[in-house]
Amino acid sequence: MVEKVTTRTLLQMKRRGQRIVALTAYDYPSAQMADAAGVDVVLVGDSVGNTVLGYETTLPVQMEEMLHHLKAVRRGLKHALLVADMPFLSYGASVDDAVYNAGALIQAGAEAVKVEGASARVLETIRALIGIGIPVMAHLGLTPQSVHQFGGYRLQGRTASEQEALVQAAQAVQDAGAFSVVLEVIPANLAQQITQSLQIPTIGIGAGVHCDGEIQVWHDILGLSAHTLRHTKRFADLRETITHALRQYADAVRAKQFPSAEQSFEVEP
Ligand code: KIV
C-alpha cells in the first residue's frame, strides 16, 4: 500500500536524502494521473492563471478560481500532499485576510498553503497560519506575483548582495515555521548553499539539481504550453498529439467517416 505523503514525510525525505517530486495540477484527471505516477506533492498553483485560464500573469487569479480548481484536484488525489497557492492579494493586505483565505483553502481540501516572499508581513503571516494549524510552504527567488517589481521573469540572485538576501530570507521563512521552501530561477550553486544551510526541504524550479526536490508545471513538462522555458523539459509533446488527434476527428466528421455503424445504435422500427 502506498503511504499518504504529509509534511512530516517531506522532512524525513530530506533527512534520508530522498528526492521530493512535486508537480502542479489543476483538475480531477490530472490529479489522478499525478497520484498514479507516484508524485509526492501536488500544488494547485496560481499558475492556473497562465496555464488554464489564459491570463498573462498569475496576478488576476481570484480565490474563487483557486477554490474551484483545488476542489477538483482534491477529488482526484489520495496519496500526494496537496498544497494550494494563496493568490495575489489573498494574503498581502492583512494577516486577518490571510488567515481567512488560507482557512478557505484548507476547508476545500488543501493540506498546506504556499505564500511568496519573506517580507516582514509575509513572515508574520506564516507565523499566524502555523498558529492556527495551517502548514506553510514558502516560495523565494523569482516569485511570479512580484513580476512587475522584478521588471520581468528574470534570474534572481545574480549579485553578492542579492544572494546574501536570499540566504537570509530562506533562514527567515524556516525560522517563521515554513515546512519547505520553493526556490525559483536562482543560480544552482546558490540553491545548493541554501539547501545545505536549512533543515527544511528546498524544492527547486530553475534552481539546479542540488535542491531536495523539484517542482514543475504540468503544462510545461507535458508539452501542452505553447512556449518552452529554459528551466523546463518536455517529457511528452501533448499539444502536438492532441492537435493532430483533433484534426483527424474534424476530418472524419466532415468526410462522414465518423460516426460509423460501430458507434451508432439501431432499433427495430
Ligand atoms: O504557481 C505555480 O505553479 C508555482 C510553481 C511554479 C512553484 O508557484
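Could you please state how large a percent of the accessible area of the chain is carbon and sulfur, counting protein chains only and using a 1.4 Å probe?
Values: 7700 of 14080 Å².
In the chain, the share of accessible area belonging to carbon and sulfur is 55 percent.
Determine the alpha carbon to alpha carbon distance for each of Lys71/Lys114; Lys71/Lys233; Lys4/Lys71; Lys78/Lys233 and list only those over 23 Å.
Table pairs above 23 Å Cα-Cα are Lys71/Lys233; Lys78/Lys233.
What is the angle, in °, between the Cα long axis of helix 120-131 and the longest principal axis of the Cα atoms in the chain? Nearest 10 is fine, range 0 to 90.
Roughly 70 degrees, rounded to the nearest 10.
Angle, helix 160-176 long axis vs. longest principal axis of the chain, Cα atoms, 0 to 90°, nearest 10?
Result, in degrees: 90.
With Cβ to Cβ distances under 13 Å as the rule, what net charge do the other residues near Glu111 carry (K, R +1; D, E -1)? Present the calculation step by step, with values, prior to reporting the outcome.
Values: positive: Lys4, Arg8, Arg74, Lys78, Lys114; negative: Asp40.
Value of the local net charge: +4.
At a probe size of 1.4 Å, how large is the accessible area of Ser260, to the nearest 10 Å²?
Surface accessible to solvent at Ser260 totals approximately 40 Å².
Distances longer than 21 Å among the Cα atoms of the stretch 28-103: what percent of all pairs is that? Don't jump to the answer; show the numbers that get you there.
Working: 863 of 2850 pairs.
That tail contains 30 percent of the Cα-Cα pairs.
If ligands, DNA and RNA are left out, what is the accessible area of Arg74 with a 1.4 Å probe, given in Å² to the nearest 10?
About 60 Å², ignoring ligands and nucleic acids.
Can you sort Tyr55, Tyr249, Tyr100 by solvent-accessible area, 1.4 Å probe, largest first? Could the numbers behind the result be given before it?
Numbers: Tyr55 70, Tyr249 130, Tyr100 170 Å².
Listed by decreasing accessible area, they come as Tyr100, Tyr249, Tyr55.
D for the stretch 129-269, whole µm²/s, Stokes-Einstein with Kirkwood Rh over alpha-carbon pairs at 4 °C and 1.567 mPa s: what number? The partial results should precede the final answer.
Working: Rh = 18.4 Å.
Stokes-Einstein gives a translational diffusion coefficient of 71 µm²/s.
In what order, largest first, do Lys256, Lys114 sit by accessible area if the probe radius is 1.4 Å?
Numbers: Lys256 180, Lys114 5 Å².
Accessible-area ranking of Lys256, Lys114, largest first: Lys256, Lys114.
When the helices in the chain are scored as -39500 (n - 2.57) per DSSP H run of 4 or longer and the sum is shared across all residues, what 222 nm value do you end up with, to the nearest 500 deg cm²/dmol? Can you show the working numbers first?
Numbers: 11 runs with 114 residues, N = 269.
The helix contribution divided over the chain gives -12500 deg cm²/dmol.
Quick one: order His68, His139 from most to least accessible surface, probe 1.4 Å. Walk me through the numbers before you get to the answer.
Values: His68 130, His139 10 Å².
Output order, biggest surface exposure first: His68, His139.
Please compute, over every Cα-Cα pair in the chain, the percentage with a separation greater than 28 angstrom. Let's see the in-between values first.
Details: 13124 of 36046 pairs.
In whole percent, the share of Cα-Cα pairs in the chain beyond 28 Å is 36.
In percent, what relative contact order does the stretch 7-236 have, based on Cα pairs under 8 Å that are 6 or more apart in sequence?
Values: 467 pairs, mean separation 40.7, N = 230.
It comes to 18 percent, rounded to a whole number.
Might you tell me the accessible area per residue for the stretch 1-158, computed with a 1.4 Å probe and given in Å²?
Working: 7320 Å² over 158 residues.
I get 46 Å² per residue for this part.
The values are calculated or read from the model by the stated rules, or taken from the named source; none is laboratory data. All of these numbers come straight from a predicted model, not from anything done at the bench. Neighbour counts run over all protein chains shown; Cβ positions are idealised from the backbone, glycine included. Accessible surface is based on the protein model in full, side chains and every heavy atom, while ligands, DNA and RNA are left aside. Shrake-Rupley method; radii C 1.70, N 1.55, O 1.52, S 1.80 Å.
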